[in-house]
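> A single structure is presented below for examination.
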Amino acid sequence: MDCDTPPPPACPTGTTAYTIVAGDTFFNLARRFNTTVDAIRRANPNVNPDNLQIGQVICIPAS
């Protein structure tokens, strides 16, 4: 029996997968990747920006 969890869904074209680390917020990620908080929200409609989890994978839009 294989108990491995499936990989997270691939990010769409024009975005890059990013794994959340301690202290990350959409605001500081937007600054780091030269994009906007709104663009990150649109790329991750099912992610609650107030409840990011370490190890969670989100999609960062290309700048």
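The values are calculated or read from the model by the stated rules, or taken from the named source; none is laboratory data. Just so it is clear, the model here is predicted, and its values are computed rather than measured. Neighbour counts run over all protein chains shown; Cβ positions are idealised from the backbone, glycine included.
> For the range 8-30, which positions are within 11 Å of residue 63 (Cβ to Cβ) and loosely packed, with under 15 Cβ neighbours inside 10 Å?
The answer is 14, 16.
> Hey, another quick one. Please tell me if residue 24 is modelled with pLDDT of 95 or more, assigned to a loop (DSSP other than H, G, I, E, B) and not hydrophobic (A, V, I, L, M, F, W, C). Spell out how you get there, then give the answer.
Details: modelled with pLDDT of 95 or more: yes; assigned to a loop (DSSP other than H, G, I, E, B): yes; not hydrophobic (A, V, I, L, M, F, W, C): yes.
Taking the combined requirement at face value, the residue satisfies it.
> Being loosely packed, with under 12 Cβ neighbours inside 10 Å and modelled with pLDDT under 95 narrows it down to one of 2, 50, so name that one.
2
> Counting only residues that are of a type outside the set (Gly, Ala, Ser) and surrounded by 18 or more Cβ atoms within 10 Å (Cβ to Cβ), which one in the range 31-46 is farthest from the chain's Cα centre (by Cα)?
35
> Only one of these conditions is not met by residue 50: (1) part of a helix (DSSP H, G or I); (2) out of contact with any strand residue (DSSP E or B) (no Cβ under 9 Å at 6 or more places or on another chain). Which number is it?
Failed condition: (1).
> Now a separate question. Could you grab the pairs with beta carbons closer than 6 Å, sequence gap of 6+ or different chains, first residue in the range 32-43 and within 7 Å of residue 60 (Cβ to Cβ), second one of a type outside the set (D, E, K, R) and part of a helix (DSSP H, G or I)?
Matching pairs, first to second residue: 40/26; 40/30.
> Looking at the range 40-62 only, could you name the residues that are farther than 13 Å from residue 11 by Cβ and hydrophobic (A, V, I, L, M, F, W, C)?
Hits for the range 40-62 are 52, 54.
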